[in-house]
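This report concerns only the one structure given below.
Nothing in this text is a laboratory measurement; each read-out follows from the coordinates by a stated rule. Quantities reported herein were computed from a predicted structural model and do not represent experimental measurements. Reconstructed Cβ throughout: ideal geometry from the backbone, glycine too, with neighbour counts over all protein chains shown.
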Amino acid sequence: MTGAFQVVAHRGNSSVAPQNTLAAFEAAWRAGADSIELDVQLTADGEVVVIHDDTLDATTDGSGRVDGLPLADVRAVDAGSWFAPAYAGQRVPTFAEVVDLLVTRPGIDLLLEVKGDWGPDDVRKVTEPVLRAGLADRVIGQSFWPSTVASLQKVAPDLRRGLLVERSSDDLLATCAELGVMTCNPAGTVLLEQPGLVAALHDAGLEVMVWTLNEPEQWALALEVGVDAVITDRPDRLRGWLSGN
Ligand code: G3P
Ligand code: CA
């Protein structure tokens with residue numbers, strides 16, 4: 001068995017609080033997670049908000065595309081009631097609110113997923129607040145879009161960045177090298193298909209953060225193959241499981 005991995009709370013502690021809300025991030029911190037993972041999207045007026053889907057429909061009482069609505073309209077919807085009445089009043093956070101939260105919670109880092117193809121000007125909307133707040137060593141930017149990772153590399157080369165991977169491919173190591181990423185972050189299914197992948201990525205000098213693993217048998221596999229971080233909806237349970245290993 002290799003050493004334990006970091007615990008990353010997927011969309012916050014999303015098993016106990018509504019995903020991608022300040023309540024879920026607070027719960028992740030209370031659960032002892034090492035990092036919060038969250039997703040950012042742009043509103044119609046170019047503001048950065050924290051939400052997973054392209055639309056408001058699944059996780060708020062509103063509807064419509066996030067990039068089709070101004071910030072004021074996105075902020076007006078309720079992002080908590082769908083999960084449980086106790087969370088009524090939770091808003092879709094702005095990225096600025098998350099930066100403020102991190103400043104007041106020094107014990108937890110951020111895995112920031114940029115959803116979509118963002119050019120340098122849009123990427124600066126997340127990197128500049130991070131750098132201004134002195135959080136450079138606590139944030140990793142990641143995306144499924146290689147073009148967005150390239151924008152991160154261009155505008156904030158010193159900020160750690162990662163490539164998200166949904167399917168295995170023969171040119172993965174070459175793509176990672178080209179983008180100069182520090183982490184390669186595959187789906188758990190990719191690890192099952194390619195058991196030697198973690199060792200190959202480590203040999204290339206990359207860290208590996210795997211998603212989204214919620215069950216003990218998946219955590220055991222992650223421990224066995226030596227991943228660096230597990231992204232989970234259940235950071236509290238994973239923290240407890242790790243303490244027994
Ligand atoms: O951080 C990795 C994971 O969040 C990617 O999938 O769809 O949950 O954003 P998704
Ligand atoms: Ca995500």
* Net charge near residue 169, counting Lys/Arg +1 and Asp/Glu -1 over other residues with Cβ under 15 Å of its Cβ? -> -4
* How big is the gap, in Å, between the Cα center of region 102-174 and the Cα center of region 1-79? -> 16
* Asked: Which of the peptides 121-130, 108-117 is most tightly packed, and how do the rest follow, going by the mean number of other Cβ atoms within 10 Å of each residue?
  -> 108-117, 121-130
* **Structure-based [θ]222 nm, the chain - -39500 (n - 2.57) summed over DSSP H runs of at least 4, per residue, nearest 500** => -10000 deg cm²/dmol
* For peptides 216-224, 99-107, sequence by mean Cβ density within 10 Å, most packed first -> 216-224, 99-107
* Structure fact -> Relative to the chain, whose Cα atoms define the longest principal axis, helix 216-225 and its Cα axis are tilted in degrees, nearest 10, by 50
* Using alpha-carbon pairs under 8 Å, 6+ residues apart, how would you state the relative contact order of region 6-243 in percent? -> 19
